[in-house]
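Asks: Got a structure here, written out as structure tokens. Questions coming.
The values are calculated or read from the model by the stated rules, or taken from the named source; none is laboratory data. Please read these numbers as outputs of a predicted model, since none were measured by experiment. A quick note on method: Cβ atoms are made from the backbone with ideal geometry, for glycine too, and the neighbour counts reach across all protein chains shown. For accessibility, only protein heavy atoms count, side chains too; no ligands or nucleic acids. Shrake-Rupley method; radii C 1.70, N 1.55, O 1.52, S 1.80 Å.
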Amino acid sequence: MGRESSERPNYQILAIVTMTRNRVITGSPLALFAEEEEQQKRMAQDLAKAMKADTVKTKDGDYLILRV
Amino acid sequence: MENEMISTQYLVMIVTGVVLGTTARLLTIKADYRQYPSYPNGYLIHVITGFIAASLGAVAIPALMTKNFVAVTFLTLAIQQFRDVRRSERESLKDLENTEYTYRGDAYIDGIAKTFEARNYFALVVALVSSLTIQILNLDQMWINVIAAIVVGGITFYIINRFSKGKSIGDIADVKQGKVEIKGSELFVDGIYVSNLLGSDNAAKMYEEEGLAVVIYPHQEHYRIGLDNFGQRQAILFEATRALGGKRYHFSRKEYDEGRIVITLVPITGDINKLIDTVKNAPVLESVKKSSSLMKTKYVGRE
């Protein structure tokens, strides 16, 4: 992306919600483990609402909570 | 005491210059779809600075004619004052950056600030030319002098206004409606990938139902240089969100093969026609404008 990546907007990852236990790593950003898909979706949505953030679903099935 | 008073001829010259110069500034304060400057305080500030610019232009000739050569150096003050206008405009717009739906971007702010500075020069030049006309004619019938000053001032205004007029996106590109598609959490417009920020079901549903998109097709290959510029795209996106409001999401994306640019958003109000008109009317920024004919020239540069 070159120069464009240094321009606004700056994305900040606030949290990750995953169903794969070994992707839950302590530290920042917050990584949460969900038992099943509905719970994962719900957790991601609740976090995004609380933090006024956006949600990205990765192809591996994880949810990233991002703020622009 | 009589000798210290300004003569009627100079008084007419100054008043005509000030009135014409201020009128030139008034005519260039536009309240178009961009709604900037906003009424009434923005208007007042620019009319007053325009009046001061016109006054400086109008008194230059009488100052010269009375052999007051030092007084002409106050024109340098005018330049300083106009630079301050540019600086204050830039600061004011930068202060507002975090409160808008999206960023104007530094390139757009620079363009707006320069325009405000340039328009003060309109007032100065029109006032100067008007008073110069009266001085050159110097007829006994003062009203003929004034009418001639109005005509010459009007022509001057027309020429410099035309000279400084920039192009808009509609002049260099076609703007057409784009088809919004959601595939999983990814947003596509006319098959161009735009974003994967639509991770939640609500976001995808909202975009599918309410999202609007336009695709910009540059007329010429070299227009892509300007259109692909981040500042230019940000300016277009800003104008789109400013005109239609930004309910939730707004994105711009460039496509490399054909140089298409996607502008898409979920608006508060408005329809696709309003979005197309807004994008067409968005200005081509001075800072990104390139002259392809100049780049081809053999008159300058190395062999």
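Asks: Residues that are within 14 Å of another protein chain (Cβ to nearest Cβ), outside any loop (DSSP other than H, G, I, E, B), touching a residue at least 24 places away in the same chain (Cβ under 8 Å) and not hydrophobic (A, V, I, L, M, F, W, C): does region B:252-270 have at least one?
Replies: yes
Asks: Here's another thing I want to ask about it. Since B:Ser200 meets every condition but one in (1) in contact with a helix residue (DSSP H, G or I) (Cβ under 9 Å, 6 or more places away or on another chain); (2) surrounded by fewer than 20 Cβ atoms within 10 Å (Cβ to Cβ); (3) of a type outside the set (A, V, I, L, M), which condition does it not meet?
Replies: Tallying (1) in contact with a helix residue (DSSP H, G or I) (Cβ under 9 Å, 6 or more places away or on another chain); (2) surrounded by fewer than 20 Cβ atoms within 10 Å (Cβ to Cβ); (3) of a type outside the set (A, V, I, L, M), B:Ser200 fails exactly one: (2).
Asks: Can you name every residue in region A:25-48 that is assigned to a loop (DSSP other than H, G, I, E, B) and among the charged types (D, E, K, R)?
Replies: Matches in region A:25-48: A:Glu35, A:Glu36.
Asks: So, one more: Filtering region B:93-120 down to residues that are touching a residue at least 60 places away in the same chain (Cβ under 8 Å) and open to solvent by 40 Å² or more (accessible area, probe 1.4 Å), which residue is farthest from the other protein chains (Cβ to nearest Cβ)?
Replies: Here the residue is B:Arg119.
Asks: Could you tell me which numbered condition A:Ser6 fails, if it satisfies all but one of (1) at pLDDT below 90; (2) open to solvent by 90 Å² or more (accessible area, probe 1.4 Å)?
Replies: Here A:Ser6 meets the rest and fails (2).
Asks: Pairs please, first residue from region B:228-247 and within 13 Å of chain A (Cβ to nearest Cβ), second anywhere and of a type in the set (D, E, K, R) and surrounded by fewer than 24 Cβ atoms within 10 Å (Cβ to Cβ), Cβ atoms under 6 Å, 6+ apart in sequence or on different chains.
Replies: B:Asp228/B:Lys254; B:Phe230/A:Glu4; B:Phe230/A:Glu7; B:Phe238/B:Arg104
Asks: Restricting to region A:49-68, count the residues that are in a strand (DSSP E or B) and β-branched (Val, Ile, Thr).
Replies: 3
Asks: From the list B:Leu285, B:Leu237, which residue is open to solvent by less than 30 Å² (accessible area, probe 1.4 Å) and touching a helix residue (DSSP H, G or I) at 6+ places or on another chain (Cβ under 8 Å)?
Replies: B:Leu285
Asks: In addition: Just wondering, is there one or more residues in region A:27-39 that are polar (S, T, N, Q), more than 8 Å from chain B (Cβ to nearest Cβ) and open to solvent by less than 20 Å² (accessible area, probe 1.4 Å)?
Replies: Taking every residue of region A:27-39 in turn, none turns out to be polar (S, T, N, Q), more than 8 Å from chain B (Cβ to nearest Cβ) and open to solvent by less than 20 Å² (accessible area, probe 1.4 Å).
Asks: Next question. Can you find a residue in region B:143-150 that is open to solvent by less than 40 Å² (accessible area, probe 1.4 Å), touching a residue at least 24 places away in the same chain (Cβ under 8 Å), part of a helix (DSSP H, G or I) and touching a Phe, Trp or Tyr at 6+ places or on another chain (Cβ under 8 Å)?
Replies: no
Asks: If you check B:Ile263 against the conditions, is it more than 30 Å from A:Thr18 (Cα to Cα), in contact with a Ser or Thr (Cβ under 6 Å, 6 or more places away or on another chain) and open to solvent by less than 80 Å² (accessible area, probe 1.4 Å)?
Replies: When the stated conditions are applied, B:Ile263 passes them.
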